[in-house]
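The values are calculated or read from the model by the stated rules, or taken from the named source; none is laboratory data. Remember, it's a predicted structure, so these values are computed and weren't measured experimentally. All Cβ positions, even for glycine, are placed from backbone atoms using ideal geometry, and neighbour counts span all protein chains on display.
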Amino acid sequence: MKVRDVMAKDPISIDPQAPVGTALDVMRTKHIRHLPVVDEAGALVGIVTDRDLRHAALAPALQEYLSIRAHRRARQLNETLENLRVRDVMTWVVVTTGPEAPLLSAALIMFESRVGSLPVLEGGRLVGLLTEQDVLKALMLEGKVAEFGEGYMW
């Protein structure tokens, strides 16, 4: 099985100049945790994840956020998010794969790199996104997970 067979095709992406609040809105409304960042030419320049947003956008403001009254908290958080851009919080060095890569090889790359997704590039352009869920679903449908789990109590 190849990455092409299970990846999400034409993934949602975002511009590095977009406000972090926009990235949060996209991720929340589309129910996604990984958002490839592409420049105006369509080249992958990074990836922003829910983890990136939690760490970069919220951690610096957390101390002050917790020290002010509730009615000011929401306003301050919104101001913080509007002032941050995706480029300020995204992961710049991205582990990628190609659409013809074997699925198990891509899964091993994800595991060893400790990433939850792999942008799929073809000719330097983003053509898909492979997530942990995609891999697990494909392996379950192929019966590999059952073989792997034999003898273990889940």
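In segment 104-119, the residues that are closer than 26 Å to residue 42 by Cα form Cβ pairs under 6 Å with partners that are assigned to a strand (DSSP E or B) and of a type in the set (S, T, N, Q), at six or more places apart or across chains, as follows: 106/97; 117/131; 118/97.
Residues are listed down the side, and each one gets a yes or a no for (1) within 30 Å of residue 139 (Cβ to Cβ); (2) exposed (fewer than 12 other Cβ atoms within 10 Å of the Cβ); (3) at pLDDT below 95:
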{"residue": "1", "(1), (2), (3)": "yes, no, yes"}
{"residue": "5", "(1), (2), (3)": "yes, yes, no"}
{"residue": "10", "(1), (2), (3)": "yes, yes, yes"}
{"residue": "31", "(1), (2), (3)": "yes, yes, yes"}
{"residue": "47", "(1), (2), (3)": "yes, no, no"}
{"residue": "53", "(1), (2), (3)": "yes, no, yes"}
{"residue": "59", "(1), (2), (3)": "no, yes, yes"}
{"residue": "67", "(1), (2), (3)": "no, yes, yes"}
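Take the conditions surrounded by fewer than 16 Cβ atoms within 10 Å (Cβ to Cβ), part of a loop (DSSP other than H, G, I, E, B), modelled with pLDDT of 95 or more and not hydroxyl-bearing (Ser, Thr, Tyr) and apply them to residue 112. Does it pass? Criteria not met by residue 112.
When the criteria are applied in full, residue 21 fails the requirement of being at pLDDT below 90 and touching a strand residue (DSSP E or B) at 6+ places or on another chain (Cβ under 6 Å).
Taken over segment 120-154, the residue count meeting the criterion of being surrounded by fewer than 10 Cβ atoms within 10 Å (Cβ to Cβ) and modelled with pLDDT under 85 is 7. Answer yes if at least one residue in segment 32-39 is touching a residue at least 24 places away in the same chain (Cβ under 8 Å), in a loop (DSSP other than H, G, I, E, B) and of a type in the set (Lys, Arg), and no otherwise. Within segment 32-39, one or more residues are touching a residue at least 24 places away in the same chain (Cβ under 8 Å), in a loop (DSSP other than H, G, I, E, B) and of a type in the set (Lys, Arg). Against the list (1) under 17 Å from residue 84 (Cα atoms); (2) aliphatic (A, V, I, L, M); (3) exposed (fewer than 14 other Cβ atoms within 10 Å of the Cβ); (4) at pLDDT 80 or above, the condition residue 37 fails is (3).
Here residue 95 qualifies as at pLDDT 85 or above and either farther than 18 Å from residue 27 by Cα or assigned to a helix (DSSP H, G or I) (or both).
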